[in-house]
Amino acid sequence: MTEVTPLFEVFVRSRRGLDHIHVGSLHAHDAEQALEYARESYIRRGEGVSIWVVESRHIHASQESDVESFYDPMDDKPYRHATHYELPEGVDNM
Amino acid sequence: MSEASDLEQRFEDKIAADERIEPKDWMPDAYRKNLIRQMSQHAHSEVIGMQPEGNWLTRAPTLERKSVLLAKIQDEAGHGLYLYSATETLGVTREELVAALHEGRAKYASIFNYPSLTWADIGAIGWLVDGAAIVNQISLQRTSYGPYARAMVRICKEESFHQRQGYQIMVRLAEGSEAQKQMAQDALNRWWWPSLMMFGPHDGESAHSAQSMLWKIKRMSNDDGRQKFVDQTVPQADIIDLTVPDPDLKWNEARGHYDFGEINWDEFMQVISGNGPCNRQRLGQHKKAHEEGAWVREAMAAYAKRKAETAHD
Ligand SMILES: [Fe+2]
Ligand SMILES: [Fe+2]
């Protein structure tokens, strides 16, 4: 039986000061190698200034079926939005 | 060039170029310490700030008001979380931060040491306290430490609802009965000066300001922020026919700003050093909640441990 090479998820920060964003995944034997591959695979054209790699098995994701509950609080709680509150005339930005 | 000064040079270059410093970058020890102090103080303020508002949750005048206040307080807890997590990227633990608060080594915004006496205070807090915090936080979206700046962007998105719901409470009271209008005026009278104090001492007298400005941790001076807040808030009071409690307040055509009176700095120092009306109560409440919640943390740790063990069997 052949040994399976672990899968890593790759996150790239496009510019200093921004969040790292998921760009894809790759196989590597360890984190160091994954970083090297990520550089070769995902930022050949200066797409980023920083890379994070995380072994895919360490990512825990929500379920598609949970999605409704994500929208729920927004739909029935319009008062969480600033636009819910009318400002008196003359008060423009708040 | 030695390695240390090389690193320092690179750090200074990033600051000069208006670039963000990220957790794994080299940074001077004093920069790290300064950030931990300011960011944890900010986090503690979000959390302690829930108390004066929580005081009115069960007595909100309508179910709608109660839902709004609950949602706002929930946001503040979230702000505390964003800020604690950002602070933890500097290599300090949540436990250390909370211990520093409990032992009086870390501060929180002194405004939360004032009591919320009437329902109008909930309006004044949203309008003035969140309003002042927004002025400060907008400028901090450009702070030099990346995780802090990004936390501020998230927080600012949520703040404008906070200020508007507070102002709306004031609007309604101000157009209500004589007694209601008086209640709104009384809240403005009590919260106005403490709100101005939120911006801290005058620029020349602020202990950490100069270095923080150089390092671009702070992007706006205390006095500039205060002026900005006064300029935007006074017209909002005028429109609802409430009077800002400052006899020296007047529009200065030449400066294009409002002139305003001097803050009572003795009171400011008193509150900061622990002698405000509610200092003991606020900290006591936080400690009590922390201690009474210990069994929950223990139970969750025990459950996680058990689950891990059975998974391995
Ligand atoms: Fe907040
Ligand atoms: Fe807020």
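Does B:ILE134 satisfy the condition of being touching a residue at least 24 places away in the same chain (Cβ under 8 Å), within 12 Å of ligand 2 (Cβ to nearest atom), open to solvent by 20 Å² or more (accessible area, probe 1.4 Å) and part of a helix (DSSP H, G or I)? Yes; evaluated as a whole, the condition is true for this residue. Looking at region B:39-51, can you tell me whether even one residue there is buried (at least 21 other Cβ atoms within 10 Å of the Cβ), away from ligand 2 (no atom under 16 Å from the Cβ) and either in a helix (DSSP H, G or I) or over 15 Å from the mean Cα position of the chain (by Cα) (or both)? Checked region B:39-51: at least one residue is buried (at least 21 other Cβ atoms within 10 Å of the Cβ), away from ligand 2 (no atom under 16 Å from the Cβ) and either in a helix (DSSP H, G or I) or over 15 Å from the mean Cα position of the chain (by Cα) (or both).
On the stretch given as region A:54-94, residues that are at pLDDT 85 or above, facing chain B (nearest Cβ under 10 Å), open to solvent by 70 Å² or more (accessible area, probe 1.4 Å) and part of a loop (DSSP other than H, G, I, E, B) total 3. When the criteria are applied in full, B:GLN74 meets the requirement of being surrounded by fewer than 23 Cβ atoms within 10 Å (Cβ to Cβ), farther than 30 Å from B:TRP26 by Cα and within 16 Å of ligand 2 (Cβ to nearest atom). Within region B:163-181, if we keep just the residues that are open to solvent by 30 Å² or more (accessible area, probe 1.4 Å) and more than 16 Å from ligand 2 (Cβ to nearest atom), the residue that is nearest to the other protein chains (Cβ to nearest Cβ) turns out to be B:GLU175.
To keep it simple, each residue is scored yes or no on (1) away from ligand 1 (no atom under 16 Å from the Cβ); (2) more than 14 Å from chain A (Cβ to nearest Cβ).
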{"residue": "B:THR62", "(1), (2)": "yes, no"}
{"residue": "B:GLN74", "(1), (2)": "no, no"}
{"residue": "B:TYR84", "(1), (2)": "no, yes"}
{"residue": "B:GLY91", "(1), (2)": "yes, yes"}
{"residue": "B:VAL98", "(1), (2)": "yes, yes"}
{"residue": "B:GLY104", "(1), (2)": "yes, yes"}
{"residue": "B:LYS107", "(1), (2)": "yes, yes"}
{"residue": "B:ILE111", "(1), (2)": "no, yes"}
{"residue": "B:THR118", "(1), (2)": "yes, yes"}
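Screening A:ILE51 against (1) within 14 Å of chain B (Cβ to nearest Cβ); (2) part of a helix (DSSP H, G or I) leaves a single unmet condition, (2).
Quick check, is B:LEU69 over 27 Å from B:LYS14 (Cα atoms), away from ligand 2 (no atom under 11 Å from the Cβ) and either within 14 Å of chain A (Cβ to nearest Cβ) or open to solvent by less than 10 Å² (accessible area, probe 1.4 Å) (or both)? Here the answer is yes, as B:LEU69 does meet what is asked. Consider B:GLU19 carefully, then state whether it is within 15 Å of ligand 2 (Cβ to nearest atom), within 14 Å of chain A (Cβ to nearest Cβ) and surrounded by 15 or more Cβ atoms within 10 Å (Cβ to Cβ). So B:GLU19 fails the test. The criterion of at least 1 residues that are of a type in the set (Ser, Thr, Tyr) is met by the following helices (runs of 4 or more DSSP H) wholly inside region B:259-313: B:294-312.
Here B:ASN136 passes the criteria (1) within 16 Å of ligand 1 (Cβ to nearest atom); (2) within 13 Å of another protein chain (Cβ to nearest Cβ) except the one numbered (2).
Picking from residues in region B:146-162 that are at the interface with chain A (Cβ under 10 Å from one of its Cβ atoms) and open to solvent by less than 10 Å² (accessible area, probe 1.4 Å), the one that is farthest from ligand 2 (Cβ to nearest atom) is B:GLY146.
The values are calculated or read from the model by the stated rules, or taken from the named source; none is laboratory data. On a predicted model such as this, the values are computed, not experimentally measured, just so you know. Positions of Cβ are generated from backbone atoms using ideal geometry, with glycine treated the same way; all protein chains shown enter the neighbour counts. Just so you know, the surface numbers come from the protein's heavy atoms only, side chains and all, with ligands and any DNA or RNA stripped out. Shrake-Rupley method; radii C 1.70, N 1.55, O 1.52, S 1.80 Å.
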